[in-house]
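Reviewing the structure listed below.
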Amino acid sequence: MNVRAAAPPPWLRDRLASRLDELGSYPRREDEQRAVDAVAERHGRPPDEVLLLAGAAEGFAMLPRLNPRRAAVVAPGFTEPEAVLADAGIPLEHVVLPPPFTLGDTVRVPDEADLVVVGNPTNPTGVLHTREQLLALRRPGRILVVDEAFIDAVPGEPESVASLSLPGLVVLRSLTKTWALAGLRAGYAVGDPELLRRLARGRAHWPLGTLQLEALAACNTAQAVGSAVLDAQRLVETRHRQAEGLRGLGLAVTEGVAPFLLVAVPHADLMRKHLKVKNIAVRRCDTFVGLDGDYLRVAVRPEWPELVQAMKEIL
């Protein structure tokens, strides 16, 4: 799992713990508004362009409410959108990017696709597309959904489109990875307010709990964002050293910016099983459209020398 720490930082744990005595009551409207305002201020948007979510995955689960006639999903990519759309019976086409997995002039999205989903940076490749490449996917009558769950791993987030108020654009963000909150389920969408209203249609009352709202308010302050930037800068250094260590084994590593690396490994599944015996978990990639059985996704960790040594012994 690509959470960057084992637990939330102490200051965040303290803020969440301070609300425990209130769990006997329903979430308060003012807590929701405080979280919305924090997200809106962070991205320079009005509050009606913010939708709070129980994790970015909830945003994907809502996509069928947009009633697309045909969807296109850029691959390799996170598998949740295609699963949700397929379950809803929505015709879907994969736009497969060959190595090095970048959007470019030769990439063609079907003209009839009125919903396009793309990750930035993409999971599992870690590739960061430029803002211009993403916006080139827009068309009149088309909805563009950009999954930015990992973009706060990029110092300064230069290619983020979360601050752009454009018709037909929706951006999904997550607190899971940076703040080690996978068990809390907190995220949000920013974008076209009419599209956000359609996504939220039919939602249950109190879709987010008190602790989720507190986390969303806390993690979108200027101080928290500044802390995340410092973490991202440290991640850059660790990722570079880990990638070089893997390349030193003769392995091809995709140039990425995420808290993980995509590595081409001969007989990858056998490598994965041997690593498991050594209590090292890596992600198989043959389940991603556009990748075969010769890839593994490995998390970027300070303990990366242990991974490199284990792989060296197996190779």
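The values are calculated or read from the model by the stated rules, or taken from the named source; none is laboratory data. Since we're looking at a predicted model, the values are computed, not measured. Because the Cβ atoms are built from the backbone with ideal geometry, glycine has one as well, and the counts that use them run over all protein chains shown.
Does segment 305-315 contain at least one residue that is at pLDDT below 95, in a loop (DSSP other than H, G, I, E, B), over 20 Å from the mean Cα position of the chain (by Cα) and aliphatic (A, V, I, L, M)?
Quick first cut of segment 305-315, residues at pLDDT below 95 only: 315.
If we keep only those that are in a loop (DSSP other than H, G, I, E, B) too, we end up with 315.
With over 20 Å from the mean Cα position of the chain (by Cα) added as a condition, the list becomes 315.
Filter once more, keeping what is aliphatic (A, V, I, L, M): 315.
Yes, because at least one residue in segment 305-315 is at pLDDT below 95, in a loop (DSSP other than H, G, I, E, B), over 20 Å from the mean Cα position of the chain (by Cα) and aliphatic (A, V, I, L, M).
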Original post:
Just checking, how many residues over segment 287-309 are buried (at least 17 other Cβ atoms within 10 Å of the Cβ) and under 13 Å from V263 (Cβ atoms)?
Top reply: 10
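Give me a count of the residues in segment 264-315 that are closer than 25 Å to A75 by Cβ and among the basic types (K, R).
Quick first cut of segment 264-315, residues closer than 25 Å to A75 by Cβ only: 264-272, 281-300.
Filter once more, so that each one left must be among the basic types (K, R): 272, 283-284, 297.
Adding up the residues that qualify gives 4.
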Subject >> Failed item in (1) under 20 Å from T122 (Cα atoms); (2) polar (S, T, N, Q); (3) modelled with pLDDT of 95 or more, with T178 passing the rest >> reply: (3)
Original post:
Counting only residues that are more than 19 Å from P47 (Cα to Cα), crowded, with 24+ Cβ neighbours inside 10 Å and either of a type in the set (S, T, Y) or outside the structural domain of F78 (by TED's automatic domain parsing) (or both), how many does segment 158-189 have?
Top reply: 1
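For segment 10-125, which fully contained strands (runs of 3 or more DSSP E) count at least 1 residues that are within 24 Å of F150 (Cβ to Cβ) and in contact with a Phe, Trp or Tyr (Cβ under 8 Å, 6 or more places away or on another chain)? Walk me through how you get there before you give the answer.
On the way: elements: 50-53, 71-75, 92-96, 115-119.
Per the criteria, 50-53, 71-75, 115-119.
Suppose the filter is on the phi < 0 side of the Ramachandran plot, out of contact with any strand residue (DSSP E or B) (no Cβ under 7 Å at 6 or more places or on another chain), among the acidic types (D, E) and modelled with pLDDT of 95 or more; does D87 pass it?
For D87, the condition - on the phi < 0 side of the Ramachandran plot, out of contact with any strand residue (DSSP E or B) (no Cβ under 7 Å at 6 or more places or on another chain), among the acidic types (D, E) and modelled with pLDDT of 95 or more - is met.
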**OP:** Please tell me if T79 is among the hydroxyl-bearing types (S, T, Y), within 26 Å of G202 (Cβ to Cβ) and out of contact with any strand residue (DSSP E or B) (no Cβ under 7 Å at 6 or more places or on another chain).
**Re:** yes
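Among the residues of segment 242-262 satisfying the criterion of being touching a Phe, Trp or Tyr at 6+ places or on another chain (Cβ under 7 Å) and farther than 17 Å from L128 by Cβ, which is surrounded by the fewest Cβ atoms within 10 Å (Cβ to Cβ)?
Step by step, filter segment 242-262, then rank; the result is G245.
Can we say R297 is in contact (Cβ under 8 Å) with a residue 12 or more places away in the chain, assigned by TED's automatic domain parsing to the domain that holds A252 and part of a strand (DSSP E or B)?
Numbers: in contact (Cβ under 8 Å) with a residue 12 or more places away in the chain: yes; assigned by TED's automatic domain parsing to the domain that holds A252: yes; part of a strand (DSSP E or B): yes.
So R297 fits the description; yes.
Would you mind stating whether D105 is farther than 25 Å from L184 by Cα, modelled with pLDDT under 95 and out of contact with any strand residue (DSSP E or B) (no Cβ under 8 Å at 6 or more places or on another chain)?
Numbers: farther than 25 Å from L184 by Cα: yes; modelled with pLDDT under 95: yes; out of contact with any strand residue (DSSP E or B) (no Cβ under 8 Å at 6 or more places or on another chain): yes.
When the stated conditions are applied, D105 passes them.
Among the listed residues V253, V277, which satisfies the condition of being within 16 Å of V308 (Cα to Cα), free of Cβ contacts under 8 Å to residues at least 12 places away in the same chain and in contact with a helix residue (DSSP H, G or I) (Cβ under 6 Å, 6 or more places away or on another chain)? Even if it seems obvious, please write down each step before you answer.
Values: V277 fails: in contact with a helix residue (DSSP H, G or I) (Cβ under 6 Å, 6 or more places away or on another chain).
Among V253, V277, only V253 is within 16 Å of V308 (Cα to Cα), free of Cβ contacts under 8 Å to residues at least 12 places away in the same chain and in contact with a helix residue (DSSP H, G or I) (Cβ under 6 Å, 6 or more places away or on another chain).
Name the residue, out of H274, H205, that is more than 26 Å from P27 (Cβ to Cβ) and either surrounded by fewer than 20 Cβ atoms within 10 Å (Cβ to Cβ) or aromatic (F, W, Y) (or both).
Values: H205 fails: more than 26 Å from P27 (Cβ to Cβ).
Only one candidate passes the filter, namely H274.
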**OP:** Only residues that are under 23 Å from the mean Cα position of the chain (by Cα) and either of a type in the set (S, T, Y) or loosely packed, with under 11 Cβ neighbours inside 10 Å (or both): list them for segment 2-45, please.
**Re:** A6
